[in-house]
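Engineer: For reference, the structure I am asking about is given below.
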Amino acid sequence: MSTDSAPAAEEPDQEPDIAPDHSLPPSLPALFMAFARMSLAGFGGVLVFARRAIVEQHRWMTADEFNETFALCHFLPGPNIVNLSMVFGSRLRGIAGGVAAFAGLLLPPTLIMTGLAIVYARFGDVDLLRRSLAGISCAAVGLLIAVVFRMMTPLLKRMDAIALILMLAVFIAIGVLRLPLQAVLLVAIPVSVGVIFLMRRKVAA
C-alpha cells in the first residue's frame with residue numbers, strides 16, 4: 001500500500017500555476033500562425049486571446065511573466081498588443097521572431113478590415129448596422145474587464161499589498177481624478193520600480 005499522499009484538490013475558482021515550456025522555442029511559422037489565430041479570434045480585443053494562448057495553451061510564459069511583459073508594453077508608445085507581439089516574438093526568436101509575431105497579428109485583420117471598410121463606406125448609414133456596432137462595443141468592454149481580472153489573479157494569490165496599493169493609486173489617479181496620463185506615469189513608474197527594488201533588496205539581505 002503506497003504511503004504517498006494524494007495531491008490536494010485544486011480550488012476551482014483559482015487559476016492554476018502553469019509552468020512555461022522552454023524546452024523548444026516556437027518556430028517562426030508557429031509564431032506567425034499563433035498570433036494570426038489570436039487576431040482572428042480577437043473580437044473585442046486581442047489581449048484576452050493573447051493571454052490565453054501564450055500562458056495557458058502554448059505555455060510560453062507564466063502568468064507573472066505575461067503581466068510583466070505587458071506592463072512594459074503598456075508604458076511604451078503605440079498599441080499595447082502590437083508592442084507585446086514585437087517584444088514577445090523577439091524574446092523567443094530574436095528580431096525575426098518579433099517580425100513574425102507582428103505580421104501574424106496585423107496581416108489577417110488588415111485584410112479583413114480593408115474589405116469591411118469598403119462595405120461600411122457603402123452601407124454605413126443603415127440603422128441596423130449602427131445598432132449592431134453598439135452591441136459589439138458592450139461585448140468588447142466585457143471582454144476587457146474579464147482579462148483585467150485574470151491578470152490580477154497572480155497579485156491576489158500572493159496578496160502583495162504593495163502592488164495592490166500601487167495599482168489602486170494609479171486607477172484612482174487616472175480613472176477617478178482624471179489626472180493626465182503622462183504625469184501619472186512619470187510618477188508611478190519610478191515609484192513602482194524603486195519600491196520593488198527596495199523590497200527585493202531587503203529580502204536578499
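Engineer: Looking at Val147, Val184, which one is in contact (Cβ under 8 Å) with a residue 40 or more places away in the chain, within 26 Å of Gly78 (Cβ to Cβ), touching a helix residue (DSSP H, G or I) at 6+ places or on another chain (Cβ under 7 Å) and hydrophobic (A, V, I, L, M, F, W, C)?
Structural biologist: Val147
Engineer: Looking at (1) surrounded by fewer than 13 Cβ atoms within 10 Å (Cβ to Cβ); (2) assigned to a helix (DSSP H, G or I); (3) not assigned by TED's automatic domain parsing to the domain that holds Ala41, find the lone condition where Arg178 falls short.
Structural biologist: Against the list (1) surrounded by fewer than 13 Cβ atoms within 10 Å (Cβ to Cβ); (2) assigned to a helix (DSSP H, G or I); (3) not assigned by TED's automatic domain parsing to the domain that holds Ala41, Arg178 comes up short only on (2).
Matching residues to (1) under 11 Å from the mean Cα position of the chain (by Cα); (2) charged (D, E, K, R); (3) modelled with pLDDT of 90 or more:
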| residue | (1), (2), (3) |
| --- | --- |
| Gly45 | yes, no, no |
| Val48 | yes, no, no |
| Ile54 | yes, no, yes |
| Met61 | no, no, no |
| Ser85 | yes, no, yes |
| Ser90 | no, no, yes |
| Ala96 | no, no, yes |
| Phe102 | no, no, yes |
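Engineer: When both residues are 6+ apart or on different chains and their Cβ atoms are under 9 Å apart, which pairs have a first residue that lies in the stretch 67-95 and is without any contact (Cβ under 8 Å) to a residue 24 or more places away in the chain, and a second that is of a type in the set (D, E, K, R) and part of a helix (DSSP H, G or I)?
Structural biologist: Thr69/Arg91
Engineer: Mind checking which residues of the stretch 43-66 are free of Cβ contacts under 8 Å to residues at least 12 places away in the same chain and either of a type in the set (S, T, N, Q) or assigned to a loop (DSSP other than H, G, I, E, B) (or both)?
Structural biologist: Gln57
Engineer: If I ask for residues that are surrounded by 11 or more Cβ atoms within 10 Å (Cβ to Cβ) and not small (Gly, Ala, Ser), which ones from the stretch 90-109 would you list?
Structural biologist: Hits for the stretch 90-109 are Arg91, Leu92, Arg93, Val99, Phe102, Leu105, Leu106, Leu107, Pro108, Pro109.
Engineer: State all residues of the stretch 118-129 that are surrounded by 11 or more Cβ atoms within 10 Å (Cβ to Cβ) and assigned to a helix (DSSP H, G or I); if no residue qualifies, say none.
Structural biologist: Matches in the stretch 118-129: Tyr120, Leu129.
Engineer: If you don't mind, there's one more thing I want to ask. For Arg122, indicate whether it is at positive phi, out of contact with any helix residue (DSSP H, G or I) (no Cβ under 9 Å at 6 or more places or on another chain) and either modelled with pLDDT under 90 or among the β-branched types (Val, Ile, Thr) (or both).
Structural biologist: Criteria not met by Arg122.
The values are calculated or read from the model by the stated rules, or taken from the named source; none is laboratory data. Just so you know, these numbers come straight off a predicted model, no measurement behind them. With ideal geometry, Cβ positions are generated from the backbone for all residues, glycine too; neighbour counts draw on all protein chains shown.
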